[in-house]
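Down below is the structure, laid out as structure tokens.
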Amino acid sequence: MKTIRSKWSILTLSALSLTLGFSSCNDDDTPAPTNQNVVQVAAANSNFSTLITAVQTAGLVETLSGPGPFTVFAPTNEAFGRFLTANDLTANELLASDGLGETLTYHVVGASVPSSAVTAGKVTSVSGSPFYVSISPTNEIWINGNAKITATDVAASNGIIHVLDYVITAPTQNIAEIAIASSTAAQPEFTQLVSALVRANLAGAFQGGFDDNFTVFAPTDAAFRNLYTALGVTSVDQIPLETLTSVLQYHVVPARAFSQDLRQGASLPTLLTGKNLTVNLSDLKINNSGLVAAALNIHATNGVIHVIDTVLLPE
């Protein structure tokens, strides 16, 4: 299955408190009981016909009809349509893909989690791969920065269904791999960032997995060219190594922060000791650099990338 690069939204940006997960529910939180399991509840709703077809094709009906409990994050037909368009897939190609079962179980948690028990942070799915919950200042719940929960607490006899407006998939590349792949694409980007990381011997620091958490504000190639002009140089090789290393560290926050996980006026600590970044949502900026709204929440195994249009320089 192709890697997703869907349309990203900068709706809101909230705090960097990303260590929480789903908390267990109590009797007061649990939705009203029903005699139908999660598969039957979804099958009775025409908005989930694509999901039900996928569950049947992947052979998951019996599993999801079991005692559970399960929390299912259920994409609607429209959500599947947007996913297929973004990834240049047909419905038949999705149903025939080897990763269909893994994609579906990535939408399931092996516990009953009502919306009142949802908190921001890392959650392990039934597939074994984690996804990441963000809660915006307006209390919208997002997963992996690109799928919003549009309805909550649909009751079933063996769990709960929350409705999604997009299909979520686990990232398969780390930050370094994403940057390198982009730098060698037909329409390359991040060529200068990759060159800078290699020269500063920092590329290896961004090759981790889900246990690592970084947010990288990644300048475009145009941003680096503007920097070269301002400094009177022609490449990263002409920038003193110590200076280049400090500049690169200043672009990295040691936490996994999706766009919905930042707040107006927040001060973000960076890998450059003692130097913080300031969030300015009113102007869609980090310090004096504009956030590229169409290129936010690029999800990696070890963090998230937000593209910016100016190289950030520490004082």
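Each reported figure results from applying straightforward, stated rules to the coordinates on display, with no laboratory input. Model, not experiment: these values are computed from the prediction. Virtual Cβ from ideal backbone geometry, glycine too; neighbours counted across all protein chains shown.
Observations, loosely collected:
- Look at E78, E315, E62 and count the other Cβ atoms within 10 Å of each Cβ; fewest to most, that gives E315, E62, E78.
- Cleavage-rule hits (GluC sites (Glu not before Pro)) in region 105-208: DSSP loop, at most 16 neighbouring Cβ within 10 angstrom: E140
- Listed by chain and number, the aspartates and glutamates placed with their C-alpha closer than 17 angstrom to that of K122 are E140, D211, D212, D261; residues fewer than eight positions away on the same chain are left out.
- Think of each Lys and Arg Cβ as +1 and each Asp and Glu Cβ as -1; about the Cα centre, that makes the dipole of region 38-164 roughly 260 debye.
- Think of each Lys and Arg Cβ as +1 and each Asp and Glu Cβ as -1; about the Cα centre, that makes the dipole of the chain roughly 440 debye.
- Coordinate range along principal axes, alpha carbons of region 92-179, Å, largest first: 36, 31, 22
- Percent RCO, i.e. relative contact order, over region 175-308, from Cα pairs under 8 Å lying at least 6 residues apart: 28 percent
- Inter-label distance for Y228 and L95, nm, one decimal - labels placed 7 Å from Cα along Cα-to-Cβ: 5.1 nm
- Which of T215, T50 has the fewest Cβ neighbours within 10 Å, and the rest in rising order: T50, T215
- Just so you know, the Cα atoms of region 163-232 work out to an Rg and Dmax of 14.6, 53 Å.
- Considering helices alone, the calculated mean residue ellipticity of the chain at 222 nm is -6500 deg cm²/dmol, with DSSP H runs of length four and up weighted by -39500 (n - 2.57) and normalised per residue.
- Q56-S116 FRET efficiency (beta carbon distance; Förster radius 30 Å; 0.05 resolution): 0.45
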